[in-house]
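Everything on this sheet refers to the single structure shown next.
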Amino acid sequence: MAGLYEVGELMLEAAQRSDDVTAAAPVPTRPVVVNDDAVRTALALHLSRISGSGTEITSFGRKSSGFSWITYAFVARSAADGERKLILRVGPPNGLFAPYSVLPQVFALQALAGSGVPVPALVSSEQDGAEIGFPFFICEHIEGDVPAPWAASELDPDHKRAIARQFVEILASLHRIDPDATPFVSLQRGDERAEVQAIAGWRASLARPTARYYPLLDWGGRWLHDNCPQPSRRTIVHGDYRIGNFIEHEGRITAILDWELTHLGDPREDLAWAMMPTFNARSRKLYGVLERAEVIDLYQNASGIAVSDKSLAFYEAYALYQAAAIQMCAVRAFEVDRFNDMRLAVMASQMPSIVRAFERALEAAA
């Protein structure tokens, strides 16, 4: 399941994928490749236009992290703004969850600025691509490091404990925010709850002719859909809240990253996802240091949201089901849409272990 690191895009977009689940999508004659030089040139034009001053792009380079959106780090230099270290994220047309929407990311960076949830400052965004040609957004670069869960054993346990507690407290801060007072409220589609919509979307994704068939996932998806608990409170849900999706600098978490999956829903979804052993170097402890009971107590006290064993068990099963669907989307992106990232090619081999873990989680949740 190591390939699950850095995945996750807009869940509700996945639920409304343009391809027909009843017929296989045609294989393109050649893959779409995002040309870095063309992106750099177009980026300079875009920043020059929005700033009203000629902008030079230096230190431009693609970052290897991430399986879906393409991420670039660069320096923009202009007379109007001086020199700024920035980040560009681009949604490729044949990526893991294409077609992409920048709205969740934009809403998060706008609504959470100045809140108890640290996020990078938004600089610019375009859904239609403007000069660059693909959906994209630009945000400020944040100094610090992104912790690698698999390298947790190399860090001081006291340091990890302090970071893990901050991680839980920030999640509680996110879930205390009134979503109706933010742009997130527009993400709610119809009367059906987002988590129910998402389960239906993942079921449709797994039912596509190009997806490998797993009977347990078929049955388990129906069970999750029919037994989804009512949330005690509807909150902003990050959707991919885990170790590895934040920046740490000098002992503090300075930014929560990757808001592609954000939606309004049940806050217990975030808690279950964060505690998956996959994201904690296969440890049952958060960041390898915080026991499950300690995490739950800290979260409940900080958020004011009660977490029952039964509700958390459901979302732990749901997390593994979503993980399986994401893996299969990755395989499809490589094999059918021909997204040129070799890391996606190996994900099919990880499915058996996910399915076994999902079976155990279903037994605990039932």
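The values are calculated or read from the model by the stated rules, or taken from the named source; none is laboratory data. These numbers were taken from a predicted model, which means no experiment stands behind them. Note that we place each Cβ from the backbone using ideal geometry, even for glycine, and neighbour counts take in every protein chain shown. What goes into the accessible areas is simple: the full protein's heavy atoms, side chains included, and nothing from ligands, DNA or RNA. Shrake-Rupley method; radii C 1.70, N 1.55, O 1.52, S 1.80 Å.
Among the candidates Ala113, Ala130, Ala108, single out the residue that is open to solvent by less than 20 Å² (accessible area, probe 1.4 Å) and either in a helix (DSSP H, G or I) or among the hydrophobic types (A, V, I, L, M, F, W, C) (or both).
On the way: Ala113 fails: open to solvent by less than 20 Å² (accessible area, probe 1.4 Å); Ala130 fails: open to solvent by less than 20 Å² (accessible area, probe 1.4 Å).
Every option except Ala108 fails the conditions.
Given the options Tyr318, Tyr213, name the one that is part of a loop (DSSP other than H, G, I, E, B), aromatic (Phe, Trp, Tyr) and either under 27 Å from Ser186 (Cβ atoms) or at pLDDT below 95 (or both). Before the answer, list the steps.
On the way: Tyr318 fails: part of a loop (DSSP other than H, G, I, E, B).
Of the residues listed, the single one that is part of a loop (DSSP other than H, G, I, E, B), aromatic (Phe, Trp, Tyr) and either under 27 Å from Ser186 (Cβ atoms) or at pLDDT below 95 (or both) is Tyr213.
So for the range 67-82 (the condition being under 23 Å from Glu143 (Cα atoms), over 20 Å from the mean Cα position of the chain (by Cα), in a loop (DSSP other than H, G, I, E, B) and of a type in the set (Asp, Glu)), does at least one residue qualify?
Yes: one or more hits.
Can you name every residue in the range 276-304 that is assigned to a loop (DSSP other than H, G, I, E, B), touching a Lys or Arg at 6+ places or on another chain (Cβ under 9 Å) and either basic (Lys, Arg) or in contact (Cβ under 8 Å) with a residue 12 or more places away in the chain (or both)?
Met276, Arg284, Lys285, Tyr287, Gly288, Val289, Gly304
Can you name the condition, by its number, that Lys85 falls short on among (1) farther than 19 Å from Val237 by Cα; (2) open to solvent by less than 20 Å² (accessible area, probe 1.4 Å); (3) touching a His at 6+ places or on another chain (Cβ under 8 Å); (4) not acidic (Asp, Glu)?
All conditions pass for Lys85, except number (2).
Which numbered condition trips up Ile305, out of (1) open to solvent by less than 10 Å² (accessible area, probe 1.4 Å); (2) in contact with a Ser or Thr (Cβ under 6 Å, 6 or more places away or on another chain)?
The failed condition is (2).
Quick check: anything in the range 161-183 outside any loop (DSSP other than H, G, I, E, B), of a type in the set (Phe, Trp, Tyr) and modelled with pLDDT under 95? Don't jump to the end; show me each part of the working.
Looking only at the range 161-183, we keep the residues that are outside any loop (DSSP other than H, G, I, E, B), and these are 161-176, 179-181, 183.
Those still in the list that are of a type in the set (Phe, Trp, Tyr) too: 167.
Among the residues that remain, those that are also modelled with pLDDT under 95 are: none.
Within the range 161-183, none of the residues are outside any loop (DSSP other than H, G, I, E, B), of a type in the set (Phe, Trp, Tyr) and modelled with pLDDT under 95.
Each row is one residue, and each column tells you yes or no for (1) closer than 30 Å to Pro183 by Cα; (2) surrounded by 14 or more Cβ atoms within 10 Å (Cβ to Cβ).
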residue	(1), (2)
Val196	yes, yes
Gly201	yes, yes
Ala207	no, yes
Leu216	no, yes
Glu248	yes, yes
Gly251	no, no
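With the condition kept exactly as written, say whether any residue in the range 266-275 is open to solvent by 10 Å² or more (accessible area, probe 1.4 Å), outside any helix (DSSP H, G or I), touching a residue at least 60 places away in the same chain (Cβ under 8 Å) and of a type in the set (Asp, Glu).
No: the range 266-275 contains no residue that is open to solvent by 10 Å² or more (accessible area, probe 1.4 Å), outside any helix (DSSP H, G or I), touching a residue at least 60 places away in the same chain (Cβ under 8 Å) and of a type in the set (Asp, Glu).
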